[in-house]
1. So which residues in the stretch 1-53 are surrounded by fewer than 18 Cβ atoms within 10 Å (Cβ to Cβ), within 22 Å of TYR286 (Cβ to Cβ) and of a type in the set (D, E, K, R)?
2. Only residues that are within 16 Å of the ligand (Cβ to nearest atom), in contact with a strand residue (DSSP E or B) (Cβ under 9 Å, 6 or more places away or on another chain) and not polar (S, T, N, Q): list them for the stretch 39-65, please.
3. Taking PRO154 as the residue in question, decide whether it is on the phi < 0 side of the Ramachandran plot, modelled with pLDDT under 95 and either of a type in the set (D, E, K, R) or in contact with a Pro (Cβ under 9 Å, 6 or more places away or on another chain) (or both).
4. Determine if the stretch 125-144 includes at least one residue that is away from the ligand (no atom under 16 Å from the Cβ), part of a loop (DSSP other than H, G, I, E, B) and open to solvent by less than 20 Å² (accessible area, probe 1.4 Å).
5. Considering only the stretch 181-297, give the strands (runs of 3 or more DSSP E) lying wholly within it that have at least 3 residues that are at pLDDT 95 or above and surrounded by 22 or more Cβ atoms within 10 Å (Cβ to Cβ).
6. Can you name every residue in the stretch 96-115 that is open to solvent by 20 Å² or more (accessible area, probe 1.4 Å), within 21 Å of GLY180 (Cα to Cα) and not acidic (Asp, Glu)?
7. Can you name the residue in the stretch 72-95 that is out of contact with any Lys or Arg (no Cβ under 9 Å at 6 or more places or on another chain) and either closer than 21 Å to ILE284 by Cβ or open to solvent by less than 10 Å² (accessible area, probe 1.4 Å) (or both) and is also farthest from the ligand (Cβ to nearest atom) among such residues?
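The values are calculated or read from the model by the stated rules, or taken from the named source; none is laboratory data. Everything numeric here is computed off the predicted structure, so don't read it as measured data. Here Cβ is always computed from backbone atoms with ideal geometry, including for glycine, and neighbour counts include all displayed protein chains. In case anyone asks, the SASA skips ligands and DNA or RNA and just uses the protein heavy atoms, side chains included. Shrake-Rupley method; radii C 1.70, N 1.55, O 1.52, S 1.80 Å.
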Amino acid sequence: MSSSRPTLLLSVDYEDWHQLVRRRIGASNWHQPGPALARQTDALLALFDELHARATFFVLGMAARAHPELLDRIVAAGHEIGCHGDAHLPVHAQSPQEFAADLRAARATIEQLTGRTPVGYRAPAFSITKASDWAYGVLAEEGFAYDASQHDSPALRDRAVPATATPHRLELDGGGGGNGLWEFPVAVWHAGRAGGIRIPIGGASYWQVLPTPLVLKGLSEAGPLAGLYLHPNELDPEPLHALLPSDATAAQRAHAKLREAQRNGARRRAPGVLRAIAQRFELIPYGEAYARLDGSA
Ligand SMILES: [Zn+2]
């Protein structure tokens, strides 16, 4: 592949949509493995193979335990395994002790299933806020090398704003232990007059409403090594359907229908937009960028 193309970082927040949507609406069967993650994983791996792209899979511990056979396929295809925490609860809703316990639970599951220790972290729903920026110190103390959770999207309230749009070392109070922590922000297009309009373009959920040429223009102006993120459900070859238990209420069924409609919109657009991005950009895992930068810093 040409090395003249600019480079972006490719990631997957590797989770089971069925578990998460059922928990969100309070369905009694939420913890059971969903029926679609295996076929979604097949679709992701096939598309990345077609595009000669490798990615970081930020693995959610509870999804990995529900589908213990799937991680081997991801590792065998040459992708990096990162950590998406264990229970997918917002970081800002946890204490530092609870956050550390969640990291350890996820890491234990990932190590047991893959024999690999993840060094990168992505917070559930980018939920490290200004008030919970103690999380970076916990990540460093727990041995993580980089965080990929800063996302300067107007949709995120009280978000921790990246000091710069490009990868950088975080200044940690008290040093944080270890060798510090690198931050790899999600791609955001600072558009409009003086760059005053922030358009989140790194996530496939936004690609459903943005024309592909605008996504490409935004990414070309987002800065080197900006981050992209997908979810397995966005590559699902079949429509998403929440499969609720027989005791689900009418309100739960209505809520599930709304969630399905939102996610099915992103699902239709994601593969085509990623193909267009891959023609224009080299796509690499976060760990590869970290190895380049940490060695040179
Ligand atoms: Zn997630």
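1. Those that are surrounded by fewer than 18 Cβ atoms within 10 Å (Cβ to Cβ), within 22 Å of TYR286 (Cβ to Cβ) and of a type in the set (D, E, K, R): ARG5, ASP49, GLU50.
2. Matches in the stretch 39-65: LEU44, ALA55, PHE57, PHE58, VAL59, LEU60, GLY61, ALA63, ALA64.
3. When the stated conditions are applied, PRO154 passes them.
4. Checked against the condition, which is being away from the ligand (no atom under 16 Å from the Cβ), part of a loop (DSSP other than H, G, I, E, B) and open to solvent by less than 20 Å² (accessible area, probe 1.4 Å), the stretch 125-144 yields at least one hit.
5. In the stretch 181-297, 227-230 are the strands (runs of 3 or more DSSP E) which contain 3 or more residues that are at pLDDT 95 or above and surrounded by 22 or more Cβ atoms within 10 Å (Cβ to Cβ).
6. PRO96, GLN97, ALA101, ARG104, ARG107
7. ALA76
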